[in-house]
Amino acid sequence: MDLYKIVGFAIRNLRRQKALSQNSVCNRSGVNHSYYCNIERGTANPTVKILYDIISALGVSPAEFADAISVVIHDACVTSDIGSAGE
């Protein structure tokens, strides 16, 4: 899984855990909705400032965001291991 997808999945997971809409996060962070959707899909390369604005809008700290990234990476590894176990 590439880095942009990992970041996007982490942001999406946090947003869903907080029960926030994409529009709500965009309004709070000042990030354009179309660009935000690309970030969640893992097709955009956001700057550190934009990431910080988004995680602030989500109400999480940088440490919590790092934890969310770790969960996505772990889940991807577990899924990958499960998928290759029968080969």
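FYI, it's all coordinate maths here, none of it is from the lab. Nothing here was measured: the structure is a model prediction, and the numbers come from that model.
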Checklist entry - How long are the three semi-axes of the equivalent ellipsoid of the chain, in whole Å, if each is the root of 5 times an eigenvalue of the C-alpha gyration tensor, listed from largest down? => result 25, 13, 11
Checklist entry - Which value at 222 nm does the chain reach when only helices count, each DSSP H run of 4 or more adding -39,500 (n - 2.57), with the total divided by all residues and rounded to the nearest 500 deg cm²/dmol? => result -24000 deg cm²/dmol
Checklist entry - In the chain, which whole DSSP H runs stretch at least 24 Å along their own axis (Cα) and average 0.5 or higher on the Kyte-Doolittle scale? => result 62-84
